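Below is one structure; the comments refer to it alone.
Values quoted throughout were computed directly from the atomic coordinates according to the rules given, and no laboratory measurement underlies them. If you're wondering where the values come from, they're calculated on a predicted model, not measured in any experiment. Every residue, glycine among them, receives a Cβ derived from its backbone with ideal geometry; neighbour counts consider all protein chains shown.
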Amino acid sequence: MSPIYAAFLFAWALAITYSDYTVTGKVDPTVFMTFSLIVPLSAFLFPSVYAVIVTASNAILLYLTLSSGGGVGQLINSFIFFIFQIVLGISFLRLKINLAERIVEEEEKARFDVMTGFLNRRSYEEDLQSYLAAPLPKDLTYIAIDIDGLKDINDRYGHAAGDTMIIGAARCIEQCFGDKGRAYRIGGDEFAAILTSAQAGSEALLSAFEESMRDWSKRSGIQLTASFGCVSASELPGEDITALARAADAKMYERKALYYQLNGHDRRKYVQK
């Protein structure tokens with residue numbers, strides 16, 4: 001409802017009330033209330049406009065009541081109606097606030113992957129755009145990660161086991177990289193981490209990631225490994241975040257090719273026997 005339409009309805013309600021007053025010689029707040037009940041809906045979209053109009057309208061109503069020489073009963077009725085309008089306005093304002101909070105909450109949920117709790121591809125793309133707007137920090141490191149053998153696990157043991165593997169990889173990534181930047185699940189078995197820490201690309205940290213996956217494998221009974229590629233901004237001076245992502249992907253695919261070679265099959269050619 002537009003503010004102009006809301007104002008028109010309030011004016012219309014006041015006109016009806018005044019017409020009633022000229023006929024009966026009394027100001028009846030229930031008449032105004034009857035014809036203006038629909039108008040507070042305008043607060044759903046325009047709470048500030050609603051507050052202004054309610055205040056003005058009730059001031060006019062109070063003036064009409066006093067000028068008509070109404071008794072105490074009319075003044076009490078007018079006061080009750082005034083409180084009614086305020087309470088109704090507050091109720092709609094609270095509805096407006098609750099709706100806005102829900103929209104923000106849903107917007108936040110839309111940025112996260114449900115299974116892992118990581119930021120999703122939408123968040124990933126948005127963050128890449130933000131990094132393109134300015135020179136990269138020197139300590140920024142991009143890590144591309146892809147789980148090894150997920151299709152094999154899905155085919156042999158079912159998708160529940162595959163989901164467990166994905167969640168396990170996410171927990172290992174979170175454990176090793178979570179406090180050094182942002183981690184994303186950008187595909188079924190694909191992850192990325194954008195880190196801003198002096199030790200982000202260190203061999204010790206990457207070794208700790210591999211050790212974390214070995215520990216998880218022992219606890220779960222599911223063999224978890226991942227191919228990854230790591231590139232820092234200092235290795236590619238002057239390049240943007242997309243160049244780092246491509247370079248990290250290239251390194252990751254080199255490790256993936258080695259995994260296929262050692263394990264005797266490529267997931268893209270694998271056929272269950």
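Charge tally around Ala170: other residues with Cβ under 14 Å, Lys/Arg +1 each, Asp/Glu -1 each, net -3. Exposure proxy ranking for Ile97, Ile173, Ile167, based on other Cβ atoms within 10 angstrom of each Cβ and starting from the fewest, stands as Ile97, Ile167, Ile173. Taking the Cα centre of segment 139-194 as reference, the dipole from Cβ charges on Lys and Arg (+1) and Asp and Glu (-1) amounts to some 120 debye.
Taking other C-beta atoms within 10 Å as the exposure proxy, Glu210, Glu108 rank Glu108, Glu210 from fewest upward.
With R₀ set to 45 Å, the beta-carbon distance separating Glu254 from Glu107 gives a calculated FRET efficiency near 0.75. Mind checking which of Leu224, Ala243, Tyr260 is farthest towards the positive end of segment 121-263's charge dipole, using Cβ charges of +1 (Lys, Arg) and -1 (Asp, Glu) about the Cα centre? Looking along the dipole axis, the top candidate is Leu224. Residue exposure proxy: Asp179, Asp215, Asp139, ordered by other Cβ atoms within 10 angstrom of their Cβ from fewest to most, comes out as Asp179, Asp215, Asp139.
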